[in-house]
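The values are calculated or read from the model by the stated rules, or taken from the named source; none is laboratory data. Model, not experiment: these values are computed from the prediction. Don't worry about glycine lacking a Cβ; one is built from the backbone with ideal geometry, like all the others, and counts go over all protein chains shown.
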Amino acid sequence: MSKQNNPLRDPRNLSAATNLVHGGGRRTPFNETSEALFLSSGYSYPSSEHAERLFRGEVEGGHNYSRFANPTVDMFQDRMALLEGAEAGRAFASGMAAVTNAVMSQVRAGDHIVASQALFGGCRYVVEDYAPRFGVASTLVDGRDPANFAAAMQPNTKVVFIETPTNPTLELVDIRAVADIAHAHGAKLIVDNVFATALYQKPLQLGADIVTYSATKHIDGQGRVLGGVVLGSKAIIEGDVHTFLRQTGATLSAFNAWVLLKGLETLPLRVRQMNDSAARIADTLASHPKISRVIYPHHASHPQYDLAKRQMLAGSTLLAFEVAGGQDAAFTLCDNLAVILISNNLGDAKSIITHPRTTTHQRLTEEVRLETGVTPGLLRLSIGLEDADDLLADLIYGLDQV
Ligand SMILES: *Cc1c(COP(=O)(O)O)cnc(C)c1O
């Protein structure tokens, strides 16, 4: 027996929490305990012949330019791939850069995209407005019923894009059912997995081909930097996704990758606590007389509760609710809070409340807003790391003023 033979040297034998602390690590000859931050845009080569081999892609793990290869960014990508159970990943400057790459790297003029209509604003823009400008048509469907995807598929459909749970109304899409429909038509399924987090929903295991994250959310989780990541098979990631990143350059900075690596170390602790608090707050608000509706995937009142229990290992760090009395009542509640911030980020250590109709979903027409459940009284609440009793007391005080 020796340390070399210890089976725990193989990350596949370790749990997510352990891999999020050690996974993907690379050490310099100084044997630092914390991952090094490589603030270098380029790399020099021991010889011209080495440079030639490197540019031919014959040097395993070699680096030639930080637009597409940096050791700190590599560590972040590899740690994310371990967490996701993906063969490979690529990091991006923001979640939107990641989504744009994932979608646009898979299509060309003449292709067609099917997407659920309840999408994060930027994602909806990419699919609905941006892709068609380049000859890629798209169809948006109500994602709650998989039959709507089947009906929208065309012979030239190359990508199905979904987000589940959705922003802000926490509707679900059945990942496995939609993956089967996509594959039956030779299309790839891309899942934006921000809301459930990589810990509590596993799209690749359910049949998805590509998973994207805004790392700005739970992965940083402390409101500091923007970032994104795209994960999937080696063939997809080292092919189309890498080429698109390399040639268009929405690269994650080494500094931000380092911040996100540190964020991953505490991800399980933070997300578990945030989920527990969110479940408890959803429970309490559900019986409050001034709230007409609470939306939380693991609350028995959720219209897709069975799917939520099957597909998500926890109920989400977010909840949504409708204040009886509409927009005025929602504003009164928000404007009387002392701990919870009025803002639009999510997955942060700080609890954040959002009135989607007047902020994140302002750009949409009232008709589209109502179609996706964004009513005047709707608030989205991202639960942070404060004490759950304090958060509840803050919300009850705000509701008392309504
Ligand atoms: C925030 C978010 C994005 C965009 O990420 P950025 O880091 O803000 O660019 C995309 N999808 C979802 C579901 C998000 O919550």
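Determine, yes or no, whether residue 293 is part of a strand (DSSP E or B), basic (Lys, Arg) and surrounded by fewer than 22 Cβ atoms within 10 Å (Cβ to Cβ).
yes
Can you name every residue in the range 233-270 that is more than 16 Å from the ligand (Cβ to nearest atom), hydroxyl-bearing (Ser, Thr, Tyr) and under 25 Å from residue 103 (Cα atoms)?
233, 243
Out of curiosity, is residue 80 in contact with a strand residue (DSSP E or B) (Cβ under 6 Å, 6 or more places away or on another chain) and surrounded by 17 or more Cβ atoms within 10 Å (Cβ to Cβ)?
Here the answer is yes, as residue 80 does meet what is asked.
In the range 89-120, how many are near the ligand (Cβ under 10 Å from one of its atoms) and either under 30 Å from residue 66 (Cα atoms) or modelled with pLDDT of 95 or more (or both)?
Summing the residues that are near the ligand (Cβ under 10 Å from one of its atoms) and either under 30 Å from residue 66 (Cα atoms) or modelled with pLDDT of 95 or more (or both) in the range 89-120 gives 10.
Considering each residue of the range 55-102, count those that are within 19 Å of residue 218 (Cα to Cα) and without any contact (Cβ under 8 Å) to a residue 24 or more places away in the chain, and give that number.
0
For the range 189-222, how many residues are within 12 Å of the ligand (Cβ to nearest atom), in a loop (DSSP other than H, G, I, E, B) and of a type in the set (Gly, Ala, Ser)?
2
Restricting to the range 324-358, what's the tally of residues that are closer than 30 Å to residue 268 by Cα and assigned to a loop (DSSP other than H, G, I, E, B)? Before the answer, list the steps.
Residues of the range 324-358 that are closer than 30 Å to residue 268 by Cα, as a first pass: 334, 337-356.
Retained after the next criterion (residues that are assigned to a loop (DSSP other than H, G, I, E, B)): 337-340, 343-351, 355.
Total satisfying the criteria: 14.
Output the residue which, of all residues in the range 223-232 that are more than 10 Å from the ligand (Cβ to nearest atom) and not hydrophobic (A, V, I, L, M, F, W, C), is surrounded by the most Cβ atoms within 10 Å (Cβ to Cβ).
232
Mind checking which residues of the range 74-116 are in contact with a Gly (Cβ under 7 Å, 6 or more places away or on another chain) and over 25 Å from residue 23 (Cα atoms)?
Across the range 74-116, the qualifying residues are 96, 109, 110, 116.
For residue 247, only one of the following conditions fails: (1) closer than 21 Å to residue 199 by Cα; (2) part of a helix (DSSP H, G or I). What is its number?
It fails just one condition, (1).
Quick check: is even one residue across the range 35-48 touching a helix residue (DSSP H, G or I) at 6+ places or on another chain (Cβ under 7 Å), at pLDDT below 95, crowded, with 17+ Cβ neighbours inside 10 Å and hydroxyl-bearing (Ser, Thr, Tyr)?
Among the residues of the range 35-48, not one is touching a helix residue (DSSP H, G or I) at 6+ places or on another chain (Cβ under 7 Å), at pLDDT below 95, crowded, with 17+ Cβ neighbours inside 10 Å and hydroxyl-bearing (Ser, Thr, Tyr), which makes the answer no.
Within the bounds of the range 90-103, is there any residue that is over 17 Å from the mean Cα position of the chain (by Cα) and assigned by TED's automatic domain parsing to the domain that holds residue 182?
No, there is no match, as no residue in the range 90-103 is over 17 Å from the mean Cα position of the chain (by Cα) and assigned by TED's automatic domain parsing to the domain that holds residue 182.
Out of 168, 155, which single residue is at pLDDT below 95 and either not assigned by TED's automatic domain parsing to the domain that holds residue 379 or not in a loop (DSSP other than H, G, I, E, B) (or both)?
Matching residue, one of 168, 155: 168.
For the range 324-364, give me each residue that is β-branched (Val, Ile, Thr) and within 16 Å of the ligand (Cβ to nearest atom).
Of everything in the range 324-364, those that are β-branched (Val, Ile, Thr) and within 16 Å of the ligand (Cβ to nearest atom) turn out to be 352, 353, 354, 359, 360.
Pick out the one residue from 74, 142, 78, 111 that is closer than 30 Å to residue 15 by Cβ and over 17 Å from the mean Cα position of the chain (by Cα).
74
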